[in-house]
Amino acid sequence: MIHKPFKIPLHVQQLQAVSVRLRPGPIYEEIQEKLKKYMAGCNGERSIDYPISFLPNHEYHILHDLRLFDGQHYFQVDCLILHPAFITLLEVKNIAGTITIDNLLNQLAREIDQNQDVFDDPISQAENLKNQLIVWLSRRCGLSIPVIEFVVFTSSNAFLQITNPDDPSVQKIVRPANLIKRIVQSRSRFPAGITNKELRSLSKKLIKNHHPRKADLFRSGLMTPDDIIHGVMCPYCGRIPMQRQKKTWFCTNCGKKSMTAHIAALHDYYLIFGSEITNKGCRKFLRLDSGSSANYILKSMKLKFSGENRARVYYLDFEE
């Protein structure tokens, strides 16, 4: 049973919002490259939904994309699969090319199109995550339950090579096609340690303690708020800005109209600038001619607010 389905993480959504509103400049290509890598990772995580859907719903609880705090550090888990007898931690890698895992030097080398890149050893990454999770479960839940870890290579265009195939740690490397088999095999190694009721409670506690990663987009100074293009994007042709005409948004490029196109624009504002917005800020970002139009839009969204008159601050809320 999927208790926390996969969705694009907050920091990736932020880059998506920036990518369509960023003025041309040196930072644009860097943002696009980052977004490309993040989306490859997202696609890899999403792709394991199919194989793990064959696990019996009544026995396994599935949680995607958890970011927990162990008291000193945050740690990110791609997928957790909970069972009354054990927990399976998945570190998902969506990397194409010839992949060489050197489990003596603890590194991964990827060769593709005559280019070579070196990454951290994913087996060590998964082991470290497992140890952090074990500590978290002990301190936060008083639980001692076996945790096993797998590194799942999801790309069909990945050719895997192992420098030391006799090392037992390479057994942690799996392909999606045999992932379920490996999980089910592990089940026979452990007796049930917690009840189904405790398992449901643990799932809820893990979700409650999830801390989404939020990017500080302007911290580096390479990009400023002035680099962001303002205006409502046409939901039909993607042109910015649409014009406000009698409570309706009109696109001068394709001629289409929308009553609600401002909601997507304010979602972009939320991702880029944060949840707080004033009438003046709304008017500026949506490129409205009057404060009354901004006031109408903000009130129509039934947002929480504080302050009165010009000092009023509204709080955008797009949390799911």
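Here, each number is a calculation from the coordinates, and none is a lab measurement. Because the structure is predicted, anything quoted here is derived from the model rather than measured. Cβ placement follows ideal geometry from the backbone for every residue including glycine, while neighbour counts extend to all protein chains displayed.
Applying both filters, DSSP loop and at most 11 other Cβ atoms within 10 Å, to the trypsin sites (Lys or Arg not before Pro) of segment 279-320 gives Lys302. Taken one residue at a time, the phi angles of segment 89-102 give Karplus couplings (6.51, -1.76, 1.60, θ = phi - 60°) of 9, 10, 9, 9, 10, 10, 10, 9, x, 8, 9, 10, 9, 9 Hz. Gly and Pro are set to x. If you take the square roots of the eigenvalues of the alpha-carbon gyration tensor of segment 2-208 and sort them as a ≥ b ≥ c, do you get rounded (a/c under 1.5), prolate (a/b over b/c) or oblate? Here segment 2-208 falls in the oblate category. Here's the picture: charge each Lys and Arg Cβ at +1 and each Asp and Glu Cβ at -1 in the chain, and of Leu266, Gln76, Asn128 the one pushed furthest to the positive end of that dipole is Leu266.
Over segment 2-208, Cα pairs under 8 Å with separation of 6+ residues give a relative contact order of 22 percent.
Stretching the chain fully between Asn128 and Arg287 yields a gain of 52.4 nm (0.36 nm per residue, less the alpha carbon separation).
Calculated mean residue ellipticity, 222 nm, the chain: -10500 deg cm²/dmol, from DSSP H runs (n ≥ 4) at -39500 (n - 2.57) each, averaged per residue and rounded to 500.
When each of Glu91, Glu29, Glu308, Glu45 is scored by the number of other beta-carbon atoms lying within 10 Å, the sequence from fewest to most is Glu308, Glu29, Glu45, Glu91. Residue order for Thr163, Thr252, Thr100, fewest other beta carbons within 10 angstrom first, comes to Thr252, Thr163, Thr100. With the convex hull drawn over the C-alpha atoms of segment 222-320, the volume per residue is 116 Å³. Can you find, among Tyr38, Ser290, Met223, the residue sitting farthest towards the positive end of the charge dipole of the chain, where Lys and Arg contribute +1 and Asp and Glu -1 at Cβ? So the residue we want is Ser290.
Rounded to the nearest angstrom and listed largest first, the equivalent-ellipsoid semi-axes of segment 135-209 from its Cα gyration tensor are 30, 15, 13. When +1 charges are put on Lys and Arg Cβ atoms and -1 charges on Asp and Glu Cβ atoms, the dipole computed for segment 1-45 relative to its Cα centre reaches about 160 debye. Site pair His267 and Cys254 shows an inter-label distance of 1.6 nm when each label is modelled 7 Å from Cα along Cα→Cβ. Per-residue Karplus couplings for segment 119-127, computed as 6.51 cos²θ - 1.76 cosθ + 1.60 with θ equal to phi - 60°, are listed in order as 10, 5, 5, x, 5, 5, 4, 5, 5 Hz, Gly and Pro entered as x.
Enter the Cα centre distance for the pair segment 172-220 and segment 283-304, rounded to the nearest angstrom. Computed from Cα coordinates, the inter-centre distance equals 42 Å. For the chain, taking a cut-off of 4.7 Å between Cβ atoms, the unpaired cysteines are Cys42, Cys79, Cys141, Cys282.
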